[in-house]
Amino acid sequence: MKDAFLPNAMDEVRTIALEWMAKAKRDLEAAQRMIDCADPLLDTGAYHCQQAAEKALKGWLTFRSVSVTKTHDLVHLVRECQKLDTGFQELFEMADFLSPFAVDFRYPGDMFEPPLEEAELALQAAEKIVHSISEKIH
């Protein structure tokens, strides 16, 4: 009976991890549309870059059956991932770059939006993180 329960639990973990990844890919697509257009929304696009990376990292942690904490700190999430896979070290710098986009442009009084070059770098970093994690899960 115990063995019959285990595959179902594993399937559920995989399903939730894939849902995290689906959300990450939608955030990435939203970022691409907002940054790579004639009239870009760079603040919102950069925010979605951070969100895509965050959700992908949480998806991988879920896939590895690690409890996911409520945080927007991508550096913390990469460190948690590194405990299980040292290959995440290559994502550390990109995570550090993207983390501030969770709040830097979201509220009045902050800088209105990042320069185009910075938003494009955020998009490249988010793409790298999402795609590398997607390969690890699939």
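Please count how many residues of region 100-138 are closer than 13 Å to Ala52 by Cβ and not aliphatic (A, V, I, L, M).
Selection size over region 100-138: 7.
It is to be established whether one or more residues within region 97-115 are of a type in the set (S, T, N, Q), surrounded by fewer than 15 Cβ atoms within 10 Å (Cβ to Cβ) and either in contact with an Asp or Glu (Cβ under 6 Å, 6 or more places away or on another chain) or at pLDDT 95 or above (or both).
Checking region 97-115: not a single residue is of a type in the set (S, T, N, Q), surrounded by fewer than 15 Cβ atoms within 10 Å (Cβ to Cβ) and either in contact with an Asp or Glu (Cβ under 6 Å, 6 or more places away or on another chain) or at pLDDT 95 or above (or both).
Between a residue in region 7-20 that is in a helix (DSSP H, G or I) and surrounded by 11 or more Cβ atoms within 10 Å (Cβ to Cβ) and any residue that is among the aliphatic types (A, V, I, L, M) and modelled with pLDDT of 75 or more, which pairs come within a Cβ distance under 9 Å, given they are 6 or more apart or on different chains?
Arg14/Ile137; Ala17/Leu61; Ala17/Ile137; Leu18/Ile137; Trp20/Ala56; Trp20/Leu57; Trp20/Leu61; Trp20/Val68
Restrict the check to region 2-16 and report whether at least one residue is within 19 Å of His138 (Cα to Cα) and in contact with a Ser or Thr (Cβ under 8 Å, 6 or more places away or on another chain).
yes
Got at least one residue in region 93-100 being over 26 Å from Arg14 (Cα atoms) and assigned to a loop (DSSP other than H, G, I, E, B)?
no
What is the residue count in region 83-95 for residues that are without any contact (Cβ under 8 Å) to a residue 40 or more places away in the chain and either surrounded by 15 or more Cβ atoms within 10 Å (Cβ to Cβ) or within 12 Å of the chain's Cα centre (by Cα) (or both)?
The number of residues fulfilling the criteria is 2.
Taking the options Lys58, Lys23, name whichever one is closer than 23 Å to Thr86 by Cβ and in contact (Cβ under 8 Å) with a residue 24 or more places away in the chain.
The match here is Lys58.
Among the numbered conditions (1) under 16 Å from the mean Cα position of the chain (by Cα); (2) surrounded by fewer than 20 Cβ atoms within 10 Å (Cβ to Cβ); (3) assigned to a helix (DSSP H, G or I), tell me where Thr71 comes up short.
(3)
Any residue in region 114-133 that is at negative phi and outside any helix (DSSP H, G or I)?
Yes, region 114-133 contains a residue that is at negative phi and outside any helix (DSSP H, G or I).
With respect to Glu80, is the statement that it is more than 27 Å from Ile16 (Cβ to Cβ) and either modelled with pLDDT of 95 or more or out of contact with any Lys or Arg (no Cβ under 9 Å at 6 or more places or on another chain) (or both) true?
So Glu80 fails the test.
Out of region 96-132, which residues are of a type in the set (Val, Ile, Thr) and over 17 Å from the mean Cα position of the chain (by Cα)?
Hits for region 96-132: nothing passes.
The values are calculated or read from the model by the stated rules, or taken from the named source; none is laboratory data. Owing to the predicted nature of the structure, the values given are computational and were not obtained by experimental measurement. Note that we place each Cβ from the backbone using ideal geometry, even for glycine, and neighbour counts take in every protein chain shown.
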